[in-house]
Structures are given as structure tokens and as C-alpha cells.
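First comes the structure, then the notes that go with it.
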Number of protein chains: 2
Amino acid sequence: MPSTEDELLEAIARELAVRDERVVVGVGDDAAVVRPGEGDLVLTVDALVEGTHLPRGELPSPVDLGHRAIAVAASDVAAMGASPRLALAALTLCPSAQAGWILQLVGAMRDACAGLGAVLVGGNLARGAELSLAVTVVGGVAPGGAVLRSGARPGDVVVVTGELGSAAAGRRLLAAGGPLDEADRLAVQRALRPRARVLEGRALAAAGATAMIDVSDGFALDLARLCRASGVGARVRTADLPAGQRARPDEVLGGGEDYELLATLPPPAVPTARDEVAALGTALTCVGEIVAGAGVIAVDAEGGAAPLPPVGWDHLA
Amino acid sequence: MPSTEDELLEAIARELAVRDERVVVGVGDDAAVVRPGEGDLVLTVDALVEGTHLPRGELPSPVDLGHRAIAVAASDVAAMGASPRLALAALTLCPSAQAGWILQLVGAMRDACAGLGAVLVGGNLARGAELSLAVTVVGGVAPGGAVLRSGARPGDVVVVTGELGSAAAGRRLLAAGGPLDEADRLAVQRALRPRARVLEGRALAAAGATAMIDVSDGFALDLARLCRASGVGARVRTADLPAGQRARPDEVLGGGEDYELLATLPPPAVPTARDEVAALGTALTCVGEIVAGAGVIAVDAEGGAAPLPPVGWDHLA
């Protein structure tokens with residue numbers, strides 16, 4: 001195992017050696033040199049921090065951490081209807097993280113990137129008291145083709161991919177520490193190994209999505225953000241929300257870390273979008289409509305309507 | 001002052017609003033949408049972490065921190081002979097960092113980017129126990145024009161910009177806490193507000209630099225890295241190293257955080273390089289030669305030669 005920083009960096013460079021037309025110079029120089037290809041680029045960075053997104057004082061599985069860190073950053077690219085192309089990782093190492101663990105993490109990030117059609121081309125290592133991992137992803141999209149949060153129009157249908165609340169349920173089950181059945185384990189898997197809905201995002205963009213956001217902080221909060229950016233309101237049928245099997249109602253609405261895509265579509269675009277997303281093995285559920293005005297109204301199974309508070313994670317709270 | 005995350009994000013978006021042909025969509029959506037322009041891109045990320053690069057348990061000046069975080073990341077772009085174009089910042093907030101401080105930090109990063117010809121287009125906020133700031137910079141360079149670490153050839157002259165050891169001296173003076181004279185204050189300034197040698201890097205690339213690296217971890221260590229990447233050795237005249245006025249010999253050789261550029265040039269290219277760098281107000285000093293073989297030899301003022309140990313920061317140590 002490497003014992004100095006330079007030995008470790010050389011081992012990492014070996015892990016990340018790649019032959020890819022987008023990569024002129026990969027890991028090992030002051031910066032990577034890349035040719036990301038035609039079209040507009042999308043840029044995003046997302047971080048996982050010990051005590052906030054990761055358990056405090058406990059070294060997580062490097063494989064889970066690597067896949068998750070790439071997924072949460074790539075999810076932002078997916079929500080633009082774009083494709084991840086290149087990634088960088090800035091790792092702050094808590095004292096218990098040793099070289100073997102770091103190399104497993106790097107390998108997992110490489111594999112997670114490859115699974116999304118991207119390449120991990122660089123990063124940074126620093127020592128700190130707590131573990132954190134910030135991943136930057138560069139994505140590509142046809143010129144002018146990015147789907148923003150701000151394009152929703154009254155009459156559009158609100159759709160969501162997959163299921164909501166499972167990641168929150170999984171975090172709760174992990175914290176409780178009891179025995180897990182099969183459905184519990186699926187929820188835990190969603191918490192530890194979220195997937196970025198990259199192909200679904202491209203399908204929604206191609207089908208004519210007018211606005212899109214990823215559900216990272218909670219459905220209600222992220223829908224409120226989309227509505228505010230678009231200058232519209234929404235009516236949501238809460239009974240239609242695709243609840244994960246183990247998710248409680250508050251976890252469905254505001255659990256966060258679902259990394260599903262929340263999009264708006266003109267009604268004629270819905271059947272195609274649903275078919276294209278279904279062809280990827282992912283459900284697409286219509287959960288409401290965009291309306292003129294502001295704010296989100298929740299409509300229950302009996303037709304009762306009430307404002308939906310924008311519940312979800314507030315990173316300042 | 002903003003009291004929720006979304007209010008803060010909106011205040012940040014206002015701070016970072018920009019009209020720039022490279023930015024299609026800036027802060028406020030899932031990702032930025034950019035058109036970085038022609039040529040190859042260079043990608044790098046660098047981080048400042050509490051307790052390692054920043055004093056533990058003390059909230060630094062947001063203006064110093066913002067300028068420094070951009071400079072250390074942009075320095076890697078400079079070392080490729082490239083120009084910074086776009087930046088992202090991932091901020092982990094210690095509990096004492098409040099909205100006003102965050103907005104000052106963001107404003108300083110915006111200003112530091114503008115000073116380098118770049119635009120801060122996005123980022124991420126997370127809470128943590130310790131402060132850290134990871135900055136990603138996307139730079140541009142003519143196709144095939146990036147200057148790597150690996151191009152040094154026997155007979156090339158080793159040059160370094162500016163002065164060495166001042167940042168380390170400044171950190172020492174800050175830690176000692178006594179009264180500071182004018183030269184002390186200049187050293188402290190180098191520690192708190194390093195500058196990325198972007199124009200110098202472009203001038204060295206244009207003059208024909210065969211290899212380049214930024215001196216971030218220490219002159220001796222970074223020269224050893226350049227030599228190893230190039231498969232060559234070097235002889236360095238230690239008496240010729242441009243020592244900062246307050247720098248001790250160990251700080252000159254291995255103090256780190258100088259953010260000067262260390263480059264190699266064919267001898268005929270040296271006069272032009274020196275003139276072009278001098279025109280930017282920066283000294284360019286010839287400190288040795290590249291030789292066949294491996295390792296760095298230090299030659300003292302009396303002509304005595306001894307191996308130069310690769311002293312500097314080891315982030316794993």
C-alpha cells in the first residue's frame with residue numbers, strides 16, 4: 001500500500017488510467033486536459049459531508065460512498081436533460097481513511113462514472129477532521145437544449161420518475177438498527193446507493209419537458225422551487241404520489257435524497273414521455289398540474305385542498 | 001439577512017448575476033449551462049480545509065478566504081499555460097458561518113474570478129463541523145497547447161517566477177503573533193492572499209516552456225515531481241533561488257503555498273520568457289538545469305553538490 005502522498009497519487013493515477021477521446025491528459029498533472037465534445041456544457045458540484053449526509057465518526061463503505069457521490073452530482077446533470085461527460089472529486093480525508101480505503105473509493109467513483117458514460121479525470125486530496133467528498137460533473141447537451149426549472153406553464157402536467165420517500169425510509173431503518181426484511185433492504189439500498197436518472201432525464205427532455213428539477217431536498221420543497229422559478233403554482237394529488245413501499249407520508253413529501261426527476265410536460269407529451277421512461281424500466285407518474293399563480297396546493301383523495309408546505313431539507317436549518 | 005437556505009441561495013444568485021457570453025444559465029438552476037469557448041479545456045479542483053489550510057476553530061476573513069480559494073485552484077490552470085474561464089465552489093459551512101459572512105465570501109470569489117477573466121457560475125452549500133471550500137476551475141487553452149509536467153528535456157533551463165518561502169514565513173509570523181514590520185506584513189499577505197500567476201503562465205507557454213508545475217507543496221517537492229514526470233533529473237543552484245525577504249532556507253525549499261510557477265525552457269527561449277514575465281511586473285529567475293537521469297541535485301555557492309530531498313507538504317503525513 002502507498003505510504004506517501006505521491007505514492008498514493010500514483011496509485012490513483014493507475015486506477016484512473018483511461019483511453020477516451022474526451023481525455024487528452026487525465027490524472028497526474030496540475031489539471032486535466034479535456035475535449036468534452038459538441039454542444040452546451042452543464043457544470044455542477046455536489047458534496048457529501050460527515051455528520052450531515054454521512055454518519056459521524058464512522059468510515060462508510062468506500063464503494064457505496066463512491067457510487068453515491070457520483071450519483072448525487074450526476075443527478076443535477078440529469079435534471080438539465082444533459083449527459084455526464086467528465087468528473088472531478090475533491091476528497092477531505094478524516095484521520096481513519098487509509099490508502100486502501102481511498103483506492104477503493106476512487107475505483108468506485110471511476111466505475112460509477114463509467115456506468116453513466118462519464119470519465120473521472122482528476123481531483124484533490126486533503127486531510128481534515130471530518131470526511132467530505134465534493135464531486136464536480138461536466139455534462140453535455142445540445143445547444144439550447146438544457147431543461148431549466150423556469151419553463152413550467154399553466155396546464156402542464158407534473159410528473160415524477162420512480163418512487164418517493166424510500167431513501168428517507170432507508171435512513172430511518174438504518175438508524176433504528178433492527179432486523180430488515182426484503183422491502184426494508186430495498187429502502188436502505190436507495191439511501192446508500194441512489195441512482196442518477198440520466199437516461200430518464202434525456203427521455204423527458206426529448207419528449208418536450210418544459211421544466212425539470214431533481215428531488216434532492218424533498219418533493220414538496222423541490223416542486224415549490226420549480227414553481228417559484230417558473231412563476232407558477234401547482235396542484236398535486238397527494239394520493240397519486242408514487243410512495244416507496246416503506247416510506248411514511250412525511251418521507252414521501254419531504255424526506256429528500258430521492259434523486260428522482262420532477263418535470264412538467266404539456267399534456268400531449270405525456271404518453272410519449274411515459275413510454276420512453278417505461279422503456280428504461282422506470283415508472284413515470286402524473287401527480288398534478290401547473291396552474292397560474294403561486295404556491296403548491298395539495299389535493300387529497302377526497303378532493304380536500306390545502307396549501308402544501310415546502311417541507312424538505314434546509315441546509316442552513 | 002437571509003434566514004433560510006432558499007433565501008440565501010437567492011441572495012447568492014443576485015451576487016453572482018452576470019452578463020457574459022460564456023454563461024447561458026448561471027447560479028440558481030440544477031446546474032450552470034455554459035459555452036466555455038474554443039480550444040481544449042483544463043479542469044482542476046483544489047480545496048482549503050479548516051485545521052489543514054485554515055486555522056482551526058476560527059472563522060477567517062471571508063474576503064481573504066474567497067480570493068485565496070480561487071487563487072489556489074486557478075494556479076493549477078496557470079501551470080498548464082491556460083486561462084481560467086469558469087469556476088464552481090463547494091462550501092462546507094462550520095456552525096459559526098452565518099449568511100452575511102457567506103455572502104461576503106461569495107462576493108470575494110466573484111471578484112477574484114473576475115480579476116482572472118473567469119466567472120463563478122455555481123456551487124454547493126452544505127453544513128458540517130469544519131469549514132472547507134473546494135473550488136473547481138475550468139480553463140481554456142489552444143488545442144494541444146497545454147504545458148504538462150512531463151516535457152522537460154536535458155539541457156533545459158529551470159526557471160521560477162516571483163519569490164519562494166514568503167507564504168511559509170507569513171504563516172510562521174502569523175502563528176507567532178508578535179508585532180509585524182513592513183516586510184513581515186508582505187509575507188503575511190502572501191500567505192493570506194496568494195496570487196495565481198495566470199498571465200505569467202501564458203507568457204511562459206508562449207515562450208516555449210517544455211514543462212511547468214505550480215509550487216504549491218514546496219519547491220523541492222514540486223521540482224522532484226516535474227523531474228519524475230519528465231523522466232529527467234535536475235541540478236539546482238540553491239544560492240540562486242529567489243528567497244522571499246523573510247523566508248528561512250527551509251521555507252524557500254519546502255515551505256509550500258508559494259503558488260509561483262516552476263518551468264523548464266530551452267536556453268534560447270529564456271531571454272524572451274524573462275522579458276515577457278518582467279513586463280507583467282514579475283521576476284523570472286534561472287535556478288538550474290535539467291539533466292539526464294533522475295533526482296534533484298542541490299549545488300551550493302561553493303560548488304558543493306548533494307541530493308536535494310523532496311521536502312514539502314505531504315497531505316497524507
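Miscellaneous remarks
- Qualifying positions in segment A:15-54 - more than 8 Å from chain B (Cβ to nearest Cβ) and under 28 Å from residue B:35 (Cβ atoms): A:16, A:18, A:19, A:20, A:21, A:22, A:23, A:26, A:27, A:37, A:38, A:39
- When segment A:259-273 is limited to residues that are under 28 Å from residue A:309 (Cα atoms) and surrounded by fewer than 23 Cβ atoms within 10 Å (Cβ to Cβ), the one that is farthest from the chain's Cα centre (by Cα) turns out to be A:267.
- Consider segment B:229-243 and keep the residues that are assigned to a helix (DSSP H, G or I) and touching an Asp or Glu at 6+ places or on another chain (Cβ under 8 Å). The one that is nearest to residue B:150 (Cα to Cα) is B:229.
- One residue from B:100, B:66 being under 21 Å from residue A:133 (Cα atoms), away from chain A (no Cβ under 12 Å) and among the small types (Gly, Ala, Ser): B:66
- In the condition set (1) within 26 Å of residue A:83 (Cβ to Cβ); (2) buried (at least 20 other Cβ atoms within 10 Å of the Cβ); (3) at pLDDT 95 or above, residue A:256 is compliant with all but (3).
- Filter pass, residue B:49 being closer than 29 Å to residue B:188 by Cα, surrounded by fewer than 19 Cβ atoms within 10 Å (Cβ to Cβ), modelled with pLDDT of 95 or more and of a type outside the set (Lys, Arg): no
- Flag for residue B:76 being buried (at least 22 other Cβ atoms within 10 Å of the Cβ) and within 11 Å of chain A (Cβ to nearest Cβ): yes
- When residues of segment B:114-157 are limited to those that are part of a strand (DSSP E or B) and in contact with a Cys (Cβ under 7 Å, 6 or more places away or on another chain), the one surrounded by the fewest Cβ atoms within 10 Å (Cβ to Cβ): B:157
- Residues in segment A:193-214 that are under 23 Å from residue A:66 (Cβ atoms) and out of contact with any Leu (no Cβ under 8 Å at 6 or more places or on another chain): A:193, A:194, A:195.
- Scope segment A:244-274; condition of a type in the set (D, E, K, R) and in a loop (DSSP other than H, G, I, E, B); matching residues: A:246, A:248, A:257, A:258
To keep it simple, each residue is scored yes or no on (1) in contact (Cβ under 8 Å) with a residue 40 or more places away in the chain; (2) closer than 15 Å to residue B:49 by Cα; (3) more than 8 Å from chain A (Cβ to nearest Cβ).
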position	(1), (2), (3)
B:91	yes, yes, yes
B:123	yes, no, no
B:131	yes, yes, yes
B:135	yes, yes, yes
B:140	yes, no, yes
B:145	yes, no, yes
B:157	yes, no, yes
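- Selection within segment A:281-317 - away from chain B (no Cβ under 14 Å), assigned to a loop (DSSP other than H, G, I, E, B) and free of Cβ contacts under 8 Å to residues at least 60 places away in the same chain: A:281, A:302, A:303, A:304
- Any hit, segment A:197-214, residues being in contact (Cβ under 8 Å) with a residue 24 or more places away in the chain, more than 30 Å from residue B:88 (Cα to Cα), assigned by TED's automatic domain parsing to the domain that holds residue A:254 and surrounded by fewer than 18 Cβ atoms within 10 Å (Cβ to Cβ): no
- Answer from A:40, A:76 - the residue that is under 19 Å from the mean Cα position of the chain (by Cα) and modelled with pLDDT of 95 or more: A:76
- When residues in segment B:135-152 are screened for being closer than 30 Å to residue A:57 by Cα and touching an Asp or Glu at 6+ places or on another chain (Cβ under 7 Å), 1 of them pass.
- Filtered residues of segment A:1-46 (kept if part of a loop (DSSP other than H, G, I, E, B), surrounded by 15 or more Cβ atoms within 10 Å (Cβ to Cβ) and without any contact (Cβ under 8 Å) to a residue 12 or more places away in the chain): A:30
- Residue count for segment B:212-225, restricted to those that are among the hydrophobic types (A, V, I, L, M, F, W, C) and more than 10 Å from chain A (Cβ to nearest Cβ): 4.
- Among residues of segment B:242-253, those that are out of contact with any Ser or Thr (no Cβ under 7 Å at 6 or more places or on another chain) and crowded, with 22+ Cβ neighbours inside 10 Å, counted: 3
- Residue check, residue B:190 over 25 Å from residue B:96 (Cα atoms) and part of a loop (DSSP other than H, G, I, E, B): no
- For segment A:215-244, the set of residues classified as more than 13 Å from residue A:312 (Cα to Cα) and under 20 Å from the mean Cα position of the chain (by Cα) consists of A:226, A:227, A:229, A:241, A:242, A:243, A:244, listed by residue number.
- Among (1) more than 18 Å from the chain's Cα centre (by Cα); (2) closer than 23 Å to residue B:61 by Cβ; (3) part of a loop (DSSP other than H, G, I, E, B); (4) touching a residue at least 24 places away in the same chain (Cβ under 8 Å), the one test that residue B:178 misses: (4)
- Of all residues in segment B:158-187, those that are small (Gly, Ala, Ser) and crowded, with 23+ Cβ neighbours inside 10 Å total 7.
- Flag for residue A:137 being β-branched (Val, Ile, Thr), outside the structural domain of residue A:247 (by TED's automatic domain parsing) and at pLDDT 95 or above: yes
The values are calculated or read from the model by the stated rules, or taken from the named source; none is laboratory data. A quick note: this is a predicted structure, and the numbers were derived from the prediction, not measured. In this analysis, Cβ positions are derived from the backbone assuming ideal geometry, glycine residues included, and neighbour counts consider all displayed protein chains.
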